[in-house]
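The values are calculated or read from the model by the stated rules, or taken from the named source; none is laboratory data. Just so it is clear, the structure is predicted and the values come from calculations on it, not from any experiment. Glycine gets a Cβ as well: all are built from the backbone with ideal geometry, and neighbour counts include every protein chain shown.
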Amino acid sequence: MTETAALPAPHSKLARPVVWLAWGLALAATAAYSIAPPVARAAILSGMDPTTLLMARLVISTALLGGTLLLTARQRVQIDRRGLIVCTVAGLSNGVGMLTFFWSLTRIDSSVASMIFALSPLVALGMLALRGEKFTYRNTFRVGLGTAGVYLLIGPGGQVDWLGVGLALVSAFTVPFHLILIQWYLQGYDSRTVTLYMVAAMTAVVSAWWLVQGAQWNAPGLQGWIYVVVLAVVSTYLARLAMFVAILGIGGGQMALLAPLETLLTVIWSGLFLAERLAPLQWAGGSLILLSAVLAVRRLRRARQFQTSEVLETSGV
């Protein structure tokens with residue numbers, strides 16, 4: 001689940017080494033995002049509370065993003081009232097989505113949750129239709145593929161906890177919603193500024209839920225802190241820096257095409273390190289979901305009112 005917005009357009013003429021560097025950073029960011037679900041699942045299985053885990057991650061990420069912006073572009077810290085309001089609403093939406101995704105990991109495998117979350121591009125197409133973007137027969141086909149994939153993934157392909165599936169589905173809706181808000185209302189704002197205030201709003205909503213739960217803090221221990229640092233530093237802070245530089249070189253559309261690869265890597269890491277296994281029918285369902293995501297990305301790249309880079313920087317959850 002990525003919190004960036006209004007990313008700059010790529011330079012049209014760059015030296016080949018610079019382009020290769022940009023692609024390298026894009027792949028590095030994709031890999032960094034892909035490890036977040038299995039790391040979070042491992043932390044939760046070790047006994048960490050999902051809300052506490054997420055809050056610790058976001059507090060550290062906010063501090064790192066804010067400190068970096070103060071050191072490198074102090075003038076970008078300020079934001080006007082309109083921008084602050086939109087960032088806050090978007091952050092609240094994304095915060096709810098991250099909470100539901102993390103809590104889904106208490107009931108379903110990270111590989112299954114990530115495949116469900118990969119439906120986000122299809123949700124984005126539906127939201128664009130509400131704004132006037134034409135919903136074509138091809139879009140219906142894409143949605144059909146995704147729906148069939150979900151059926152195989154959680155239906156005859158295996159016994160999957162329905163509450164966990166529902167929580168993961170909530171995140172698949174909230175992330176496109178917050179990204180569309182940013183794309184519609186924050187064009188022209190610096191992406192670093194938007195990211196900072198949105199992550200701060202996410203931290204606020206997660207912290208509020210932590211207080212509602214009773215504000216219980218159990219020291220994570222060395223292993224727990226390792227999980228938190230990996231999520232905050234690698235899968236959030238460094239991943240976003242790498243992604244930002246990569247988009248300068250190759251563009252947001254190219255970066256977005258790597259989203260299905262991110263999901264596939266998540267499934268691989270979950271199998272290697274958490275011993276998660278998918279039944280053959282579940283693999284078939286996941287493949288249909290990824291195919292529908294690829295087709296949706298191709299359509300979103302041509303959308304008149306929306307940019308793919310804002311839709312599919314979605315995992316990094």
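Just a few scattered comments:
- Taking residues in the range 187-198 that are closer than 13 Å to R240 by Cβ and of a type in the set (S, T, N, Q), and partners anywhere that are part of a helix (DSSP H, G or I) and at pLDDT below 80, the pairs with Cβ atoms closer than 7 Å and at least 6 places apart or on different chains are S191/F244.
- Of all the residues in the range 279-310, those that are modelled with pLDDT of 80 or more and not in a loop (DSSP other than H, G, I, E, B) number 12.
- When the range 182-199 is filtered for residues that are within 16 Å of the chain's Cα centre (by Cα) and at pLDDT 80 or above, the ones remaining, listed by number, are V194, T195, L196, M198, V199.
- Of the helices (runs of 4 or more DSSP H) lying entirely inside the range 27-113, the ones with 2 or more residues being free of Cβ contacts under 8 Å to residues at least 24 places away in the same chain are found at 50-72, 81-104.
Residue by residue, here is whether (1) surrounded by 16 or more Cβ atoms within 10 Å (Cβ to Cβ); (2) assigned to a helix (DSSP H, G or I); (3) out of contact with any His (no Cβ under 8 Å at 6 or more places or on another chain) holds:
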site: G188; (1), (2), (3): no, no, yes
site: V194; (1), (2), (3): yes, yes, yes
site: A200; (1), (2), (3): yes, yes, yes
site: V205; (1), (2), (3): yes, yes, yes
site: W210; (1), (2), (3): yes, yes, yes
site: A215; (1), (2), (3): no, no, yes
site: I226; (1), (2), (3): no, yes, yes
site: V234; (1), (2), (3): yes, yes, yes
site: M243; (1), (2), (3): yes, yes, yes
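- Single match in S46, S34 (criterion: under 16 Å from the mean Cα position of the chain (by Cα) and of a type in the set (G, A, S)): S34
- Of all residues in the range 150-186, those that are aromatic (F, W, Y) and surrounded by fewer than 16 Cβ atoms within 10 Å (Cβ to Cβ) total 3.
- Take the conditions (1) under 21 Å from G24 (Cα atoms); (2) at pLDDT 85 or above; (3) among the basic types (K, R); R240 misses just one of them, which is (2).
- Check on A215, over 30 Å from G285 (Cβ atoms) and among the small types (G, A, S): yes
- Which listed residue, of E262, E313, E276, is closer than 25 Å to D109 by Cβ, modelled with pLDDT under 80 and of a type in the set (D, E, K, R): E313
- Any chance L248 is among the hydrophobic types (A, V, I, L, M, F, W, C), closer than 21 Å to R76 by Cβ, buried (at least 19 other Cβ atoms within 10 Å of the Cβ) and at pLDDT below 80: no
- Complete set of residues in the range 56-95 that are surrounded by 21 or more Cβ atoms within 10 Å (Cβ to Cβ) and not charged (D, E, K, R): A56, L58, S61, T62, L65, V86, C87, A90, G91, S93, N94, G95
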